[in-house]
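Undergrad: Below is a structure I'd like to ask you about.
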Amino acid sequence: MDWNFKTGIPIYTQIVDELTMRIASGAYAPGAKLASVRDLAMDAGVNPNTMQKALAEIERRGLVYSERTSGRFVTKDEDILKGLHKELAEKYLGEFTEKLQKIGMDEKEIREFIKEAGNGKN
């Protein structure tokens, strides 16, 4: 999978976001074993310490867990995964709403637009 890093945003943060998105999207299925820190770092073109820090953060969030000597695995906990989907949906909807407000749409217009778009009228 491609890793496309943007300038001006810490690499560690971008790795956390990318791994989180891969878990949320199912690219890394529940229970799937992740590649080793070294392999993930090579794939991303980053220092293994940076990748380790990012993996530790997503583990702290409960998205992955470690099994001693076996590696890291994506959580199978459906509540955590549902919570992740809700968290990301709120984040992206907030960003989307903010952008529409910046172009002059008010809350009512945004709601109508989303409703119409959901019905295939746009």
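Undergrad: Hey, what's the Kirkwood Rh for the stretch 1-60 if you take every pair of different alpha carbons, in angstrom?
TA: 11.7
Undergrad: Now, a different point. Run through the stretch 1-71 and list the trypsin sites (Lys or Arg not before Pro) located in a DSSP loop whose Cβ has at most 13 other Cβ atoms within 10 Å.
TA: Values: sites: Lys6, Arg22, Lys33, Arg38, Lys53, Arg60, Arg61, Arg68; in loops: Lys6, Arg61, Arg68.
Counting only loop positions with at most 13 other Cβ atoms within 10 Å, the trypsin sites (Lys or Arg not before Pro) in the stretch 1-71 are Lys6, Arg68.
Undergrad: Leaving out ligands and nucleic acids, and using a 1.4 Å probe, what accessible area per residue does the stretch 13-122 come to in Å²? Before the final figure, lay out the partial values.
TA: Numbers: 7310 Å² over 110 residues.
Ligands and nucleic acids excluded, the result is 66 Å² per residue.
Undergrad: Per DSSP helix of 4 or more residues, -39500 (n - 2.57); summed, then divided by the residues of the chain. What does that give at 222 nm, rounded to the nearest 500?
TA: Numbers: 5 runs with 73 residues, N = 122.
Helix-only estimate at 222 nm: -19500 deg cm²/dmol.
Undergrad: What do you reckon, how do Met51, Met42 stack up by accessible area (1.4 Å probe), largest on top? The partial results should precede the final answer.
TA: Working: Met51 0, Met42 145 Å².
Solvent-accessible surface, decreasing: Met42, Met51.
Undergrad: Gaussian network model of the chain, Cα springs within a sub-10 Å range: biggest mean-square fluctuation belongs to which of Asp79, Asp17, Asp106?
TA: Asp106
Undergrad: Express the carbon and sulfur contribution to the solvent-accessible surface of the chain as a percent, rounded to the nearest whole number, probe 1.4 angstrom.
TA: On the way: 4290 of 8420 Å².
With neighbouring chains kept in place, the figure for the chain is 51 percent.
Undergrad: Of the listed values (1) 14.9; (2) 10.4; (3) 9.6, identify the label whose number matches mean projected area of the Cα convex hull in nm² calculated from this model.
TA: Computed from these coordinates, mean projected area of the Cα convex hull in nm² corresponds to label (3).
Undergrad: Counting only residues 5 or more places away or on other chains, whose amide H sits under 5 Å from the amide H of Ser36 once H atoms are built in the peptide plane?
TA: Hits under the 5 Å cutoff: none.
The values are calculated or read from the model by the stated rules, or taken from the named source; none is laboratory data. Values in this document were obtained by computation on a predicted structure and should not be read as measured data. All Cβ positions, even for glycine, are placed from backbone atoms using ideal geometry, and neighbour counts span all protein chains on display. The area values use the complete protein model at the heavy-atom level, side chains included, leaving out ligands, DNA and RNA. Shrake-Rupley method; radii C 1.70, N 1.55, O 1.52, S 1.80 Å.
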